[in-house]
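The values are calculated or read from the model by the stated rules, or taken from the named source; none is laboratory data. Small disclaimer: the values here were computed from a predicted structure and weren't measured. Backbone-built Cβ (ideal geometry, glycine too); neighbour counts: all protein chains shown. The accessibility values were calculated without ligands, DNA or RNA, using every heavy atom of the protein model including side chains. Shrake-Rupley method; radii C 1.70, N 1.55, O 1.52, S 1.80 Å.
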Amino acid sequence: MQRMGETLQLSAGDLVGHLNCHYLTELDLKVAHGELAKPKIWDPVLETLAERGALHEQGFIEHLKTAGAAVTVIDGVGIDAGAVAATTEAMRRGDTVIVQGALQSGQWSGRADVLRRVEMPSRFGAWSYEVTDTKLARETKGSTVLQISLYSDLVSFMQGSAPASAFVVTPGTQYQPEPYRIADYAAYYRHVRGSLERAIASPTEGAYPEPIEHCDICRWRNHCDERRRADDHLSLVAGITKSQAGELERRGVHAMAALATVPLPLPWRPDRGAVQSYEKIREQARIQVDGRAQEAVIYEALPQIAGFGLSRLPEPSAGDIFFDFEGDPFVGEGGLEFLFGYLYADDQGASRYTGDWASTRQEERAAFERFMDFVAERLQTHPDLHIYHFAPYEPAAIKRLMGRYATRENDVDNLLRAERFVDLYAVVRHAIRASVESYSIKKLEPLYGFERGVSLEDVRVVMARTQARLELADAGNIPEPDKAAICGYNRDDCASTQRLRDWLETLRAELIQSGAID
């Protein structure tokens with residue numbers, strides 16, 4: 001969104017931003033009117049994503065060149081009269097492929113990754129153009145559909161005929177474009193575009209920065225987080241849903257502190273959802289408010305239910321394994337588990353860690369087989385061992401790898417049937433209530449005094465850089481220090497899982513001694 005004289009120029013980014021968050025539109029509009037400064041955020045992860053996107057686009061262009069297509073590149077960045085004129089001239093000539101075509105109609109403009117010539121008539125002659133966009137996401141989202149719809153609309157204006165289809169090229173498809181019939185999405189596109197145009201024409205300030213997935217890549221995320229914290233917003237309550245927050249707000253409860261003081265039992269019955277679910281989030285709000293007052297992470301044990309919580313913990317064994325994957329779902333078809341990490345005690349009781357790196361499908365299979373063989377051999381010595389992990393990803397990935405490579409099927413089946421995998425996240429959620437905003441293992445670590453050896457902020461950048469290399473089939477150029485940092489981070493995860501298990505065992509022993517559980 002940019003003011004050019006009396007005109008407010010809009011782009012696909014503005015359209016996608018409006019789809020995700022109307023509050024984002026309000027903030028960008030204030031920037032355009034000079035009422036607010038545009039935030040400056042340097043995010044190395046987003047920078048890496050942009051680099052990956054540019055490499056993916058360049059790979060597609062090289063693919064077109066290899067296939068014999070003549071490619072015309074429109075120079076420059078952004079939209080100006082020269083770039084639009086150069087694009088129009090290339091279309092008039094009938095160039096086969098136009099890269100970074102500058103498109104404009106009224107207040108709308110954009111740069112299309114690729115315009116490809118098709119033999120359908122337009123005002124230029126017996127040919128016209130259709131849009132092809134390159135995206136890193138495996139699944140085409142509503143935002144991508146909006147973008148290709150807008151670009152197709154702009155192309156329609158410039159060539160005097162509407163493109164029938166637009167195309168999206170995602171990684172792992174050998175650069176085969178996936179077609180989208182523009183008419184199928186026209187009503188959706190007009191609805192979102194009209195909503196944005198009305199918001200621009202008649203500005204209001206009724207939106208609120210609800211936390212959504214788009215926050216992860218939004219330049220306003222710090223601003224919005226600060227506002228939610230200043231408001232003590234209900235979204236800060238761990239586990240609360242959007243529908244629950246809406247119900248509470250309709251009942252006059254607008255802040256976490258207010259929720260923490262709602263009488264129990266509830267003085268009203270919710271329109272949607274069970275009463276117990278609202279009592280649960282009320283209690284969660286209470287302990288978070290208490291923890292905030294004490295400036296500490298605190299917890300309380302929940303009433304124990306047979307078959308849940310601490311009763312799910314098996315007796316500790318000297319053979320127990322603490323397991324954690326590092327994976328990337330965007331490598332090739334179906335993703336890649338590129339690090340198998342597990343912590344265990346050797347015969348002398350000393351802690352040992354294995355970080356088995358896999359950069360290719362062959363290496364992934366070998367690492368999977370090594371882990372399964374390690375478990376099978378260890379079971380011979382420790383038939384009572386269990387494999388501890390946090391959240392359900394690890395056993396799901398093990399099953400996926402078994403199916404992918406059709407190997408170690410009996411071993412995996414035996415582990416699952418014997419319930420060897422123990423998900424400590426499921427144990428925690430039914431065992432305790434803690435003053436945390438989310439029940440991730442990293443948020444829980446203050447409870448059991450675990451300190452990481454590898455900085456989470458530092459490894460976040462390294463992880464993004466490494467995943468980019470893997471996705472671009474450039475694993476050979478991953479620096480050894482980056483691998484070492486990720487292995488250190490993974491070892492911290494495994495060690496934290498072990499420390500959490502030990503802490504939960506101590507808690508169970510205390511509750512047994514006090515008579516709270518049998």
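Just by accessible area at a 1.4 angstrom probe, what is the order of Lys442, Lys242, Lys38, Lys65 from largest to smallest?
Lys242, Lys38, Lys65, Lys442
Sort out the exposed loop GluC sites (Glu not before Pro) in the chain (DSSP loop, at most 13 other Cβ within 10 Å) and tell me the longest stretch that has none. Show your work: numbers first, answer last.
Details: sites that count: Glu6, Glu35, Glu119, Glu139, Glu205, Glu295, Glu333, Glu419, Glu451.
Between exposed loop sites, the widest span is 206-294.
Suppose every Lys and Arg Cβ carries +1 and every Asp and Glu Cβ carries -1, with no other charges. What dipole size does the chain come out with about its Cα centre, to the nearest 20 debye?
On the way: 58 positive and 76 negative charges, 284 e Å.
The calculation lands at about 1360 debye.
Quick one: length gained pulling Ala183 to Arg93 fully straight, 0.36 nm per residue minus the C-alpha distance? Before the final figure, lay out each step's value.
Details: separation 90, 0.36 × 90 = 32.40 nm, distance 2.72 nm.
Roughly 29.7 nm would be gained on extension.
How large, in percent, is the carbon and sulfur part of the accessible surface of segment 288-346 at a probe radius of 1.4 Å?
56
Determine how large the accessible area of Ile517 is when every protein chain is in place; take a 1.4 Å probe and give Å² rounded to the nearest 10.
Accessible area, nearest 10 Å²: 30 Å².
Which listed residue (Tyr185, Val131, Ser161) has the Cα farthest towards the positive end of the charge dipole for segment 92-202, taking +1 on Lys and Arg C-beta and -1 on Asp and Glu C-beta about the Cα centre?
Ser161
Go through Arg465, Arg228 and list them by solvent-accessible area, largest first, probe radius 1.4 Å.
Result of the area sort, largest leading: Arg465, Arg228.
Set Lys and Arg Cβ to +1 and Asp and Glu Cβ to -1, take the dipole of the chain about its Cα centre, and tell me which of Thr261, Ser317, Ala358 lies farthest positive.
Thr261
Using the structure shown, list the pairs from Lys40/Lys442; Lys65/Lys135; Lys40/Lys443 with a Cα-Cα distance above 22 Å, or answer none.
Too far apart for the 22 Å limit: Lys40/Lys442; Lys40/Lys443.
Taking the Cα centre of segment 452-518 as the origin, how large is its charge dipole in debye, to the nearest 20, when only Lys and Arg (+1) and Asp and Glu (-1) carry charge on their Cβ atoms? Each step should come with its number before you reach the end.
On the way: 9 positive and 12 negative charges, 16 e Å.
About 80 debye.
Roughly how many Å² is the accessible area per residue of the chain, as a whole number, for a 1.4 Å probe?
So the chain comes to 49 Å² accessible per residue, rounded to a whole number.
Given charges of +1 on the Cβ of Lys and Arg and -1 on the Cβ of Asp and Glu, with all other atoms neutral, how large is the dipole of segment 253-356 about its Cα centre, in debye to the nearest 20?
900
Would you please give the FRET efficiency between Ser351 and Ala473, computed as 1/(1 + (r/R0)^6) with r the Cβ-Cβ distance and R0 = 56 Å, to the nearest 0.05?
0.95
Can you put His233, His22 in order of accessible area, largest first, using a 1.4 Å probe?
His22, His233
With all protein chains present, calculate the accessible area of Thr66 using a 1.4 Å probe and round the result to the nearest 10 Å².
About 120 Å², ignoring ligands and nucleic acids.
Would you kindly state how much longer the chain becomes between Glu279 and Met4 on full extension, computed as 0.36 nm times their sequence separation minus their alpha carbon distance, in nm to one decimal? Each step should come with its number before you reach the end.
On the way: separation 275, 0.36 × 275 = 99.00 nm, distance 5.28 nm.
The Glu279-Met4 span can extend by a further 93.7 nm.
Hey, got a sec? Which chymotrypsin sites (Phe, Trp or Tyr not before Pro) in segment 127-229 land in a DSSP loop and have at most 14 other Cβ atoms within 10 Å?
The qualifying sites: there are none.
Pick out, in residue order, every one of the trypsin sites (Lys or Arg not before Pro) in segment 357-436 that is DSSP loop and has at most 16 other C-beta atoms within 10 Å; say none if there are none.
none
Report ³J(HN,Hα) in whole Hz for each residue of segment 400-411, in order, from the Karplus equation J = 6.51 cos²θ - 1.76 cosθ + 1.60 where θ = phi - 60°; Gly and Pro get x.
5, 5, 4, x, 5, 9, 6, 9, 6, 4, 5, 5
Hey, rough spin-label estimate for Glu249 and Val77, points 7 angstrom out along Cα→Cβ, what's it come to in nanometres?
Here the answer is 3.7 nm between the modelled labels.
Place +1 on the Cβ of every Lys and Arg and -1 on the Cβ of every Asp and Glu in the chain, take the dipole about the Cα centre, and give the residue among Tyr425, Leu339, Ile41 whose Cα lies farthest towards its positive end.
Going by the Cα projections, it comes out as Ile41.
Would you kindly find the accessible area of Ser317, with a 1.4 Å probe and non-protein molecules such as ligands, DNA and RNA excluded, rounding to the nearest 10 Å²?
Here the residue's solvent-accessible area equals roughly 20 Å².
Ordered by residue, what ³J(HN,Hα) values in Hz, to whole numbers, does segment 24-38 give under the Karplus form 6.51 cos²θ - 1.76 cosθ + 1.60, where θ = phi - 60° and Gly and Pro are x?
4, 4, 4, 5, 5, 5, 5, 5, 4, 8, x, 8, 8, 7, 6
Take every Cα pair under 8 Å in the chain that's 6+ residues apart, average their separations, divide by the length, and report that relative contact order as a whole percent.
Relative contact order comes out at 12 percent.
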